[in-house]
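Student: There's a structure below that I have some questions on.
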């Protein structure tokens, strides 16, 4: 039944491509990368065993072109395609085309992707599987008056959401009746342009929910287990920036409840592979189904750190048709893990992206520190893709030790040439509410309403000021510097040292 | 009883100084580094909160000068000194001087260091504590004929060992009677010059033992626990190069037996702090006491990876007078860890050291990989100290996964400007006997009698040959290169991309 | 002795340097400290202030002499001027910072999706000025301070590179 | 078309290059492959051989044109010559490698503790030549091949830097 995969083509770039290549290495599987024009010497291209050019820099002309990728997989005789996350990871027709070409698509079946990718169908599936969902209404086919009636029925504030996709696009919080019609229209327009699907639906707006999700693994033999939860409440623009496992509020009992709910919807949907069932958790710890991500998540490493599993390897075993090696009772969460997504962005200006060349790059290391980088020294952060630099994942015995180690690792991180979110993460690691674990998806907007993340104390500013004054002085007097720099050069060779010493002795003896 | 330490002076350099600084950071304790002439911009100096110059490059004029270090500790108001390993770590009179100056020495009491530092007294202590020791004889005061009689009594081959210190110095394997007198003399001479102590003793020579050691923690309240074992059989010149935990041969029962033996000698010696009890283990799994290292070991991270503890933090808690937070039953070994010591050495030439500037340096990362580095890009490897570049520590669910990940990490490692032992470690990770766990302290000399570590296959050599030919061609035709390099520069900006595209469209429309 | 007026992260410092071989005595807002600085690379140095160790990266950004200092994981913007010139400028009632920010440049490369203000218009701090699409995201660029728009150099659909002129304030 | 004789890690390769924009066709010992090479830095490049990806670091070591290639975690020593010159040299019965190794230089800096051979002496492969102390360790330097010592440039107690002349063979 199981057939060993010998070569995997990775239909992605950046850190997730590197991550998958590492798993291939560990498994003795050959890896083939694909790359666009501006990724010619990118990290994933250097890391892979083989690499193939697939087109110009914009992803619509390279990483998103189904045919180029399948053609390349055929050409290099790959047995399987791993889509990573983003790009083609949740595209059912790409998955279909892989299967038609006789190539394993590492992910769920196309029909599962299609079913769960439609937020309305996913909501129905959840309801049928007995999961609690946020009160809401499908307003497809309703005129504006009936839709408004439905919204009033749910009660304002109400959330307008796109049926065709996520990531905050086509989503509007409507606080009152008079704004409803306009919000509905603009959400539908945005949804149409983002997903080619203008359908929207209504959901009750929870004011301060936590985002907590369950990682699952399901094999082709009907086995399905959950690997604990991840709390991903720290978000900006509906995108996660800090994730952790376990959640500070999830008890053993709640974990089992949510875990069983996740397994139940996975079974209903005929799920195969690694997947994530996302929930909103209210302040009373009641939880509501949100959606299913039918792929590896960005934040999968925090689960790896506390379970000891390698999720990419597990994906490959499942794709090979092997039964899961673990039953639910084998899964124990040990310690605590936090992930900080390091982006090339300016947090103080509302996280606008920053592009350029990494003229300085040094990753932190030491106890508990894992870095999944998508870049190297001198790498470009191109404008065409997600501006993520790396993921910093830190493990500790408990949440407190993990936060302390994360702070230390962030202080060791060096990024030069582009702006980064390192200082932002440092601010969060010192935030009292964060340290207490008092989180919600509105954490950032509540705590930092003006994007005022840069809380510099006078001590640091004084040192910066001294450094700048010195730098000016040295630049004004380059000649003095070139004289002193010879003093500063350490004498690290024997002969130099002995010569200096004999000179000293000689002088001394006069 | 317990008093919080606020500042620690680290009387060391390189990776262990960086390691200790990281623990200080995590604990919120200030760290003060010391540095010699050639370490003016070294990694540990950059990492520490404060740094103090203590003298010229040779360690006898800087890192080994008791007075300079204690004076510096006083000047910067450090509460405690951490000696790391090497240098002053096992020097009882330095420990005494710290205590006299009112500074906490992070390590055992001076009398414990003195007792266990003398191999003969340590052997007696072990015997009294009921530990099995290798059959042997103290030959102090004996004439040569009586010493020979003692050797014959033990049976050749016999091992001559220095009483005053370790590290392979003053040690001789004597295979037959007629070589005995000369070996005895040369061992005593070497011991005298290395340790200022010419005393030697005899031990039965075990032909193929394993080196397995037990990590212990003992507090000031009489609590003492063991943290499992480390196997360190892969040695060159009696120096460990690869260590792992757990040992492939140690069963739960043997671990408990050896662990109890280690705790028993620690109690007899009034041990306080982190320490290691070393054993030789014979092919029938009988074990013999070897010595006690009264300090943090180089290889302590493998224990940290499988227990989840931070040993440096535990040392600090013990030094503060706190009772251990764990009892023996709390200690569980999870998964497997391997450490590779990356040295600036040429393995093929008998591990001769290599010095110079690290013109290229990139550490591996990703799942399971921890790097404790003593250097950075552009760091010097000075002649004056141990040529260690870094320790690569890798964790996996089991030994097989750990070896696979170690191989992957070694392949990612980039060291330029000096020679390194990366290729050597890769060779070992592919060695069938190593993979089977069939180890002994003679592993390297048996498997690679001519230091023939560099087993290059034709595939790799062919690629190297192509690269060299290309490089020659390009260098001969610099002009051609400078033309093509503009082709190679990726177009990663919007405007560039749009211009190129409009050009393309323009051309296309003609 | 050289004396500088430094603005770091919005805070003002009066800094006087006294140069000795291998070290400086630095008086910061009246307090004296001992400083050693060792060059690590073109932009980086290892600085000791009273033996406290700091790895500092300083880069010139833009054309107005503004510096970006990266230290302790933080980006800090700074300007530096000769102290006496700064005093004169102050007496004349001019601000170094405002002089610098009349010309607004693209903070990132991308495509202009929308221009939300016109020449002559008064804008408040935080008011959206334009929308740039970059990295698949719409980025709303907001005013950093109240000002009046003098000129707008871009329009909808234009591609801009980082540093391209966007608009001028007065 | 340029043709080279390369010795890499002791193995001989006959390599012919055919240059095209952005790529090469390379014939190695009679087998043709497609190669793309992209410069990463002064010494490093990213090389694709039939789309297989290799990060390669090449440095000149010593004065005899010997190269150290670092790839896939391994150090590989290599020499390269014009193919036709190499052929001529071979016909004349000369070895590139032996010509290179008559002058023996210090493999590391340190202090000479002992010189174990004298001029005129014949040495076997593996025979100890001298002992150098470096990094607190005694390092015994052994002969790489049988030879006769022509001259010794160092004596006991001398400090040497890496690359200093130690002895000459014939």
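The values are calculated or read from the model by the stated rules, or taken from the named source; none is laboratory data. Predicted model, so just to flag it, every value in this text is computed and none were measured. So basically every Cβ, Gly included, is an ideal-geometry build from the backbone, and we count neighbours across all protein chains shown.
Student: Please state which one of A:83, A:92, A:58 is farther than 27 Å from residue B:362 by Cβ and surrounded by 24 or more Cβ atoms within 10 Å (Cβ to Cβ).
Tutor: Only one candidate passes the filter, namely A:83.
Student: To continue, here is another question. Which number in (1) modelled with pLDDT under 95; (2) in a strand (DSSP E or B); (3) over 16 Å from residue A:467 (Cβ atoms) marks the one condition that residue C:1 misses?
Tutor: Of the numbered conditions (1) modelled with pLDDT under 95; (2) in a strand (DSSP E or B); (3) over 16 Å from residue A:467 (Cβ atoms), the odd one out for residue C:1 is (2).
Student: Have a look at D:149, D:112 and point out the one that is buried (at least 18 other Cβ atoms within 10 Å of the Cβ), under 30 Å from residue B:58 (Cα atoms), modelled with pLDDT of 85 or more and more than 10 Å from chain B (Cβ to nearest Cβ).
Tutor: Result of the check over D:149, D:112: D:112.
Student: What strands (runs of 3 or more DSSP E) completely inside the stretch B:325-383 contain at least 2 residues that are more than 11 Å from chain A (Cβ to nearest Cβ) and in contact with a helix residue (DSSP H, G or I) (Cβ under 7 Å, 6 or more places away or on another chain)?
Tutor: Hits in the stretch B:325-383: B:336-343.
Student: Taking residue A:398, is it within 14 Å of chain B (Cβ to nearest Cβ) and either touching a strand residue (DSSP E or B) at 6+ places or on another chain (Cβ under 8 Å) or more than 18 Å from residue A:240 (Cβ to Cβ) (or both)?
Tutor: Here the answer is yes, as residue A:398 does meet what is asked.
Student: Take the residues in the stretch B:217-232 that are more than 22 Å from residue B:282 (Cα to Cα) and in contact with a helix residue (DSSP H, G or I) (Cβ under 9 Å, 6 or more places away or on another chain), then tell me which one is surrounded by the fewest Cβ atoms within 10 Å (Cβ to Cβ).
Tutor: Only one residue tops the list, namely B:222.
Student: Within the bounds of the stretch B:402-409, is there any residue that is more than 7 Å from every other protein chain (Cβ to nearest Cβ), without any contact (Cβ under 8 Å) to a residue 12 or more places away in the chain and out of contact with any strand residue (DSSP E or B) (no Cβ under 8 Å at 6 or more places or on another chain)?
Tutor: No, the conditions are met nowhere in the stretch B:402-409.
Student: Right, here's the next one. Identify the single condition in (1) outside any helix (DSSP H, G or I); (2) at pLDDT 80 or above; (3) crowded, with 18+ Cβ neighbours inside 10 Å that residue D:104 does not satisfy, given that it satisfies every other one.
Tutor: (2) is the only condition that residue D:104 fails.
Student: A follow-up question, please. Just name the residue that is nearest to the chain's Cα centre (by Cα) out of those in the stretch A:8-26 that are closer than 22 Å to residue B:409 by Cβ and assigned to a strand (DSSP E or B).
Tutor: A:10
Student: Let me ask you something else. Checking residue C:22 against (1) more than 18 Å from residue A:349 (Cβ to Cβ); (2) in contact (Cβ under 8 Å) with a residue 24 or more places away in the chain: exactly one of these is not met. Which one?
Tutor: Exception for residue C:22: condition (2).
Student: For residue A:141, only one of the following conditions fails: (1) more than 28 Å from the chain's Cα centre (by Cα); (2) part of a helix (DSSP H, G or I). What is its number?
Tutor: (2)
Student: A further question follows. Could you list, in sequence order, all residues of the stretch A:43-61 that are more than 7 Å from every other protein chain (Cβ to nearest Cβ), in a strand (DSSP E or B) and under 13 Å from residue A:32 (Cβ atoms)?
Tutor: Of everything in the stretch A:43-61, those that are more than 7 Å from every other protein chain (Cβ to nearest Cβ), in a strand (DSSP E or B) and under 13 Å from residue A:32 (Cβ atoms) turn out to be A:53, A:54.
Student: If a residue counts only when it is buried (at least 23 other Cβ atoms within 10 Å of the Cβ), which helices (runs of 4 or more DSSP H) contained entirely in the stretch A:408-466 have at least 2 such residues?
Tutor: Fully inside the stretch A:408-466 and qualifying: A:422-429.
Student: Right, residue A:70: surrounded by fewer than 23 Cβ atoms within 10 Å (Cβ to Cβ) and more than 14 Å from chain B (Cβ to nearest Cβ) or not?
Tutor: Yes: the conditions hold for residue A:70.
Student: Just give me the residues in the stretch D:135-167 being at negative phi and assigned to a loop (DSSP other than H, G, I, E, B), in sequence order.
Tutor: D:143, D:144, D:145, D:146, D:153, D:154, D:155, D:156, D:158, D:161, D:162, D:164
Student: So, restricting to strands (runs of 3 or more DSSP E) that lie completely within the stretch A:227-296, which ones have at least 2 residues that are more than 30 Å from residue C:140 (Cβ to Cβ) and at pLDDT 95 or above?
Tutor: A:273-281, A:287-293
Student: Now for a separate question. Say whether the condition of being buried (at least 19 other Cβ atoms within 10 Å of the Cβ), under 25 Å from the mean Cα position of the chain (by Cα) and touching a residue at least 40 places away in the same chain (Cβ under 8 Å) is met by at least one residue in the stretch A:192-202.
Tutor: No.
Conditions tested, residue by residue: (1) touching a residue at least 24 places away in the same chain (Cβ under 8 Å); (2) under 26 Å from residue B:105 (Cβ atoms); (3) touching a strand residue (DSSP E or B) at 6+ places or on another chain (Cβ under 6 Å); (4) outside the structural domain of residue B:99 (by TED's automatic domain parsing).
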residue: B:289; (1), (2), (3), (4): yes, yes, yes, yes
residue: B:297; (1), (2), (3), (4): yes, yes, yes, yes
residue: B:303; (1), (2), (3), (4): yes, yes, yes, yes
residue: B:311; (1), (2), (3), (4): yes, yes, yes, yes
residue: B:322; (1), (2), (3), (4): yes, yes, no, yes
residue: B:335; (1), (2), (3), (4): yes, no, yes, yes
residue: B:340; (1), (2), (3), (4): yes, no, yes, yes
residue: B:355; (1), (2), (3), (4): yes, no, yes, yes
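Student: Related question: Could you list, in sequence order, all residues of the stretch B:46-55 that are under 23 Å from the mean Cα position of the chain (by Cα) and either surrounded by 24 or more Cβ atoms within 10 Å (Cβ to Cβ) or more than 23 Å from residue B:390 (Cα to Cα) (or both)?
Tutor: B:47, B:48
Student: Can you name the residue in the stretch D:13-23 that is more than 30 Å from residue B:452 (Cβ to Cβ), more than 7 Å from every other protein chain (Cβ to nearest Cβ) and buried (at least 16 other Cβ atoms within 10 Å of the Cβ) and, of all such residues, is farthest from the chain's Cα centre (by Cα)?
Tutor: Per the stated criteria, the residue is D:19.
Student: If residue C:87 satisfies all but one of (1) within 22 Å of the chain's Cα centre (by Cα); (2) more than 8 Å from chain A (Cβ to nearest Cβ); (3) surrounded by 15 or more Cβ atoms within 10 Å (Cβ to Cβ); (4) touching a residue at least 24 places away in the same chain (Cβ under 8 Å), what's the number of the condition it fails?
Tutor: Here residue C:87 clears every test but (3).
Student: Residue under question is residue B:87, and the condition is that it be in contact (Cβ under 8 Å) with a residue 12 or more places away in the chain and assigned to a loop (DSSP other than H, G, I, E, B); does it hold?
Tutor: Here the answer is yes, as residue B:87 does meet what is asked.
Student: Being under 12 Å from residue B:11 (Cβ atoms), away from chain C (no Cβ under 14 Å) and over 22 Å from the mean Cα position of the chain (by Cα): is that true of residue B:82 here?
Tutor: Taking the combined requirement at face value, the residue does not satisfy it.
Student: A follow-up question, please. Given the structure, is residue D:10 out of contact with any strand residue (DSSP E or B) (no Cβ under 6 Å at 6 or more places or on another chain) and more than 9 Å from chain B (Cβ to nearest Cβ)?
Tutor: Taking the combined requirement at face value, the residue does not satisfy it.
Student: May I ask you to list the residues in the stretch C:30-68 that are within 23 Å of residue A:454 (Cα to Cα), more than 8 Å from chain A (Cβ to nearest Cβ) and assigned to a loop (DSSP other than H, G, I, E, B)?
Tutor: C:62, C:64, C:65
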